[in-house]
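Undergrad: Dumping the structure here so I can ask a few things about it.
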Amino acid sequence: MTFVQVIDCRTQQVDALNNLMDDWVEATRGKRTATHSIVARDRSDAAHVVEIVEFPSYEEAMRNSRLPETGRIYQEMVELCEGEPSFTDLDVVRDEQLNKALVREFFERVVNARDIDAADALCAAGYREHDPALSSDALDLKRAKAENAEMLAAFEPRLTLDRVVAEGDLVCVGIGYQGHHVREYRGIPATDRDVAGTGHATFRCEDGKIVESWWNWDEVGMLRQLGVLDT
């Protein structure tokens, strides 16, 4: 279970405290178990600073606390603070990155469940799709739905997300797909052949909807599997 430690303190030396975190990161390279760190200042009280550190588990946090570098940095932190910092230890019971959940829902409903119209609820009205395999570099939602509907009908693919990474308003996914060529695709009659491949896509999200996406997948490899191109 993910574990989060919240360190609450008062200091007039916020920049020095922030630099101290940089020192700790450098000193514990190859040893530390922390995965995420945030230093934040209270907007209503500039001397009130909160540091949030995330670990894979409580046990990993305890192992990290026993590092000599952690002890040294903590003592330097105390010297910067007005009194002893307080600690709150939290076991995370829910950690949901909403943009990642939105993208996962897009794949499950629009692609795997073949509900192309579900994109209307998941994508913004001004949505733009960039995919070199489609007819234009920047399709609007209506055209993107139409062109992707042809592909879904032709191959009945099943997509799996090998990895999903979120940063800010962007969500990047690694994709694996398997399908079967059962209908005409861009003038190519159904071949009754199986196809499989990989690719990746990046989504930009805003206000709980997908506003833009970039796709890159091995269309040439798929055409070779259909026997259209020489191997």
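Undergrad: Which of the residues that make up segment 113-133 are loosely packed, with under 14 Cβ neighbours inside 10 Å, under 18 Å from Phe203 (Cα atoms) and of a type in the set (A, V, I, L, M)?
TA: Once the filter is applied, which keeps residues that are loosely packed, with under 14 Cβ neighbours inside 10 Å, under 18 Å from Phe203 (Cα atoms) and of a type in the set (A, V, I, L, M), segment 113-133 yields Ala121, Ala125.
Yes/no matrix, rows are residues, columns are (1) small (Gly, Ala, Ser); (2) outside the structural domain of Met21 (by TED's automatic domain parsing); (3) free of Cβ contacts under 8 Å to residues at least 12 places away in the same chain; (4) in contact with a Phe, Trp or Tyr (Cβ under 6 Å, 6 or more places away or on another chain):
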residue: Val50; (1), (2), (3), (4): no, no, no, no
residue: Met62; (1), (2), (3), (4): no, no, yes, no
residue: Ser65; (1), (2), (3), (4): yes, no, yes, no
residue: Tyr74; (1), (2), (3), (4): no, no, yes, no
residue: Glu79; (1), (2), (3), (4): no, no, yes, no
residue: Ser86; (1), (2), (3), (4): yes, no, no, no
residue: Phe107; (1), (2), (3), (4): no, yes, no, no
residue: Asp117; (1), (2), (3), (4): no, yes, no, no
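Undergrad: Whether any residue in segment 43-52 is among the hydrophobic types (A, V, I, L, M, F, W, C), part of a strand (DSSP E or B) and under 26 Å from Val171 (Cα atoms) is what I want to check.
TA: yes
Undergrad: Output the number of residues of segment 192-215 satisfying the condition of being buried (at least 17 other Cβ atoms within 10 Å of the Cβ) and more than 24 Å from Arg163 (Cβ to Cβ).
TA: So the answer is 0.
Undergrad: Here's a follow-up. Counting just the residues of segment 135-186 that are among the small types (Gly, Ala, Ser) and touching a strand residue (DSSP E or B) at 6+ places or on another chain (Cβ under 6 Å), which one comes out farthest from Arg114 (Cα to Cα)?
TA: Ala138
Undergrad: Only one residue in Glu26, Glu105, Glu129 is at pLDDT below 95 and of a type outside the set (A, V, I, L, M, F, W, C), so which one is that?
TA: Glu26
Undergrad: Name the single residue, out of those in segment 134-185 being surrounded by 16 or more Cβ atoms within 10 Å (Cβ to Cβ) and small (Gly, Ala, Ser), that is farthest from Glu96 (Cα to Cα).
TA: Here the residue is Ala154.
The values are calculated or read from the model by the stated rules, or taken from the named source; none is laboratory data. This one's a predicted model, so the numbers in the text were calculated from it and none came from an experiment. Positions of Cβ are backbone-derived with ideal geometry, glycine not excepted, and every protein chain shown enters the neighbour counts.
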